[in-house]
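Below: one structure, written as structure tokens.
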Amino acid sequence: MTRLEEKKKQYPPLKLVALFVAIAPLLAPYGVAGIRVNWILGIACVLYSFLRDRFALVVETKHYALLLFMAALTVFSINGLVILQTKNALINSLIMLFVVFWFYASAWRLTTFSYVIKYAIVIGWICVAFSFYQLVVTAAGGEASLGQLPFFNVETGWVEEHWGYRFNSLFSEPSYFALYLLPLFAYCYRHKKWLHAIVMLIGIVVSSSSLGIVGAIVIMLFEFLVSKRGRMRSVLMMVSLVLVLILLYLLFPAVQEMVGRTVEKLFKAEFGDLRLFGYFSMYRRYAPKELLFGVGMNQFKNYMGQQGVFVYNYSNTLVYMLLQNGLAGLLALLGYLAAVVKYSAKNKTVLFLIPFLLLLVLDYAVFSDRFYYLLYFVMYYKYKDSKRENDADESPVCNAKCT
């Protein structure tokens, strides 16, 4: 038995920390007095972890590959310190790279998957209900609430309108809403919790996020092919859902507009090219040294600004890693992803690996709150035939009583 397992038996899991892990993606845009809410909660987790472990820095071995990946990006970013006129942004990015990791690594050690999934499903229900409110009010010609939480300051961008019937619920963007629901849908679908699964799937459809809809389809196909039981019931549920959606499409013009917008995002070239290729053409402007090591963590826009070129920070993670950290950074990312895939295959969490990889292929979100939220499901879910067995295996309290 490892030292970490002994500590898990000695200290019961904290439900409040599970709530933080579950709600962190929703709180990501908010701050208090210029400090991000998630940073405040993360600092509390780190301090408690230090006190519990007598100020020892404890990292689970499953995260060594991520630490090595971050260390490699830090080394490659030295080139940015040489070529950039303004270096403060790069230094801050590198510091926060490790600080945010420590927030989540500490929180994950203080709680269990069984608590996190329970809170996340409740939050998912609330968010889906609010998205329905937005849909109904907008379809009736009214102006629905943007879903911003009171008492907090919005520190990042926010979708200012429900354009094309894309609804963000309580998140800053519709795609963030869909990404939050995807692992919950995967969990409920695998454990045959059909009501929860249907609600989460409906929320993904209402978001009109192409990333979310593609992810849900891939999850259903994967689980149908892998699962050995409940296939007929699963098929009946999906056929029933499709029939209901067709009926809604025929009866309500608002649903027709929402579907049309989703199809446009999925198949129109200008949307697909931007997500798949982004600013890849800019990479050819780099000098040989920048081709290899890039221009520094999160400094692509800064570097291009020095050249008199304005760009948006929008592309997928693969392209953006190439632009930020060069060929060396891209290879480091692929090496880390190979380690995650190997861990996922060994621990039977491939179902949760699907939304994680889709996020990286279709969006830039590495080291964001969404990145860590999806990574949590990949690294901490334990495959069992039933939820009861899964919860018992995950809970150190149960393990302590049963051994």
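The values are calculated or read from the model by the stated rules, or taken from the named source; none is laboratory data. Just so it is clear, the model here is predicted, and its values are computed rather than measured. Glycine also receives a Cβ, built like all others from the backbone with ideal geometry; neighbour counts cover every protein chain displayed.
Observations on the structure shown:
- Filtering region 53-79 to residues that are of a type in the set (S, T, N, Q) and over 16 Å from residue 107 (Cα atoms) leaves 74, 77, 79.
- Breaking point among (1) buried (at least 21 other Cβ atoms within 10 Å of the Cβ); (2) farther than 30 Å from residue 32 by Cβ; (3) modelled with pLDDT of 90 or more; (4) not hydrophobic (A, V, I, L, M, F, W, C), for residue 165: (3)
- Those residues of region 106-129 which are buried (at least 23 other Cβ atoms within 10 Å of the Cβ) and among the small types (Gly, Ala, Ser), in sequence order: 106, 107, 120, 124
- Any hit, region 74-96, residues being among the β-branched types (Val, Ile, Thr) and touching a helix residue (DSSP H, G or I) at 6+ places or on another chain (Cβ under 6 Å): yes
- Cβ pairs under 6 Å, 6+ apart, first in region 179-198 and closer than 12 Å to residue 377 by Cβ and aliphatic (A, V, I, L, M), second surrounded by fewer than 23 Cβ atoms within 10 Å (Cβ to Cβ) and at pLDDT 95 or above: 184/121
- Of residues in region 45-71 being of a type in the set (A, V, I, L, M, F, W, C) and outside any helix (DSSP H, G or I), the one farthest from residue 341 (Cα to Cα): 55
- Residue 71, sole failed condition from (1) among the small types (Gly, Ala, Ser); (2) within 20 Å of residue 26 (Cα to Cα); (3) without any contact (Cβ under 8 Å) to a residue 60 or more places away in the chain: (2)
- Filtered residues of region 72-120 (kept if of a type in the set (Val, Ile, Thr), assigned to a helix (DSSP H, G or I) and within 19 Å of residue 307 (Cα to Cα)): 82, 83
- Residue 170 within 18 Å of the chain's Cα centre (by Cα), modelled with pLDDT of 90 or more and surrounded by fewer than 24 Cβ atoms within 10 Å (Cβ to Cβ): yes
- Residue 98 being assigned by TED's automatic domain parsing to the domain that holds residue 66, crowded, with 19+ Cβ neighbours inside 10 Å and not hydroxyl-bearing (Ser, Thr, Tyr): no
- Among the residues listed as 156, 138, the single one being assigned by TED's automatic domain parsing to the domain that holds residue 198, in a helix (DSSP H, G or I) and at pLDDT below 85: 138
- Region 1-44, residues that are in contact with a Phe, Trp or Tyr (Cβ under 8 Å, 6 or more places away or on another chain), modelled with pLDDT under 90 and assigned to a helix (DSSP H, G or I): 15
The rows are residues; the columns are (1) at pLDDT below 90; (2) surrounded by fewer than 21 Cβ atoms within 10 Å (Cβ to Cβ).
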| residue | (1), (2) |
| --- | --- |
| 290 | no, yes |
| 300 | yes, no |
| 304 | yes, yes |
| 307 | yes, yes |
| 312 | yes, yes |
| 324 | no, no |
| 331 | no, yes |
| 335 | no, yes |
| 345 | no, yes |
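- Condition met for residue 147 (out of contact with any Leu (no Cβ under 9 Å at 6 or more places or on another chain) and outside any helix (DSSP H, G or I)): no
- Taken over region 369-403, the residue count meeting the criterion of being out of contact with any Cys (no Cβ under 9 Å at 6 or more places or on another chain) and at pLDDT below 90 is 20.
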